[in-house]
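The next block holds one structure in the form of structure tokens; read it before the comments.
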Amino acid sequence: NRHRVVVLTAHEELLEAGPAEQYQVFNYLPKSGQSQAIRFSLDQAFKELEREQLVQKNKYLLEVQRKISSNVPLQEILNFICDAVRGTVDAYNCHIRVYDFERGDFRLEGFSGPDESIRQLFVSPRAKGHVFSGQVVKSGKARAFGRLQKLKKFRDYADPLLRSRSVTDAQRRYLEQVESAYIVPIRTG
């Protein structure tokens with residue numbers, strides 16, 4: 001639950017129980033009340049959301065540790081991490097690439113998204129320096145790419161795929177609607 005409903009009203013009578021439950025009202029305050037009470041209520045709502053997010057993140061971290069300790073295959077761990085990232089930051093999809101020392105490129109190992117066909121858009125290996133993820137790996141720094149639909153490099157990638165007869169409806173929607181990407185390089189010892 002990623003929201004809290006705080007009702008501010010000019011009416012002195014309280015909201016009926018039914019609608020209050022339906023909208024999961026966190027607090028109900030008259031506008032005529034002191035501004036300190038309103039600020040306190042909003043502060044409490046934000047703190048409760050932060051606590052829930054922290055509990056969820058800790059749950060994911062413990063589950064990752066459990067999977068690692070139980071010798072679960074790497075791909076299963078990386079898929080779980082992608083699920084956790086999507087759930088934590090409300091991302092449309094998440095994918096993880098792993099460097100292949102023999103081939104010298106990054107192959108897809110972990111994925112989570114609303115449709116498995118979208119995974120296919122990320123399957124081909126990427127070389128160091130290649131557009132987007134390859135650039136991030138080369139620089140070693142996290143980077144946000146915004147306004148993807150306006151970027152020539154993204155259009156050069158997406159347009160041929162959109163003309164392809166093999167593109168699925170889910171892939172088409174993704175390629176036509178994706179607006180941003182956040183890419184983080186992770187190095188392990």
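Taken as a whole, the condition of being open to solvent by 30 Å² or more (accessible area, probe 1.4 Å) and under 15 Å from Leu175 (Cα atoms) does not apply to Asp83. Residues in segment 62-79 that are open to solvent by 40 Å² or more (accessible area, probe 1.4 Å) and within 21 Å of Ile183 (Cβ to Cβ): Leu74, Gln75, Asn79. Selection of helices (runs of 4 or more DSSP H) fully inside segment 51-162 by the criterion of at least 3 residues being among the hydrophobic types (A, V, I, L, M, F, W, C) returns 74-89. Annotation: of all residues in segment 132-189 being over 24 Å from Pro114 (Cβ atoms) and polar (S, T, N, Q), the one that is most open to solvent (accessible area, probe 1.4 Å) is Thr188. Checked against the criterion of being open to solvent by 40 Å² or more (accessible area, probe 1.4 Å), within 27 Å of Val178 (Cα to Cα) and either at pLDDT 70 or above or touching an Asp or Glu at 6+ places or on another chain (Cβ under 7 Å) (or both), the candidates Arg39, Arg51, Arg4, Arg107 yield just one match: Arg107.
The values are calculated or read from the model by the stated rules, or taken from the named source; none is laboratory data. On a predicted model such as this, the values are computed, not experimentally measured, just so you know. A quick note on method: Cβ atoms are made from the backbone with ideal geometry, for glycine too, and the neighbour counts reach across all protein chains shown. For the accessible areas, the whole protein counts, side chains as well, though only heavy atoms, and no ligand, DNA or RNA atoms are used. Shrake-Rupley method; radii C 1.70, N 1.55, O 1.52, S 1.80 Å.
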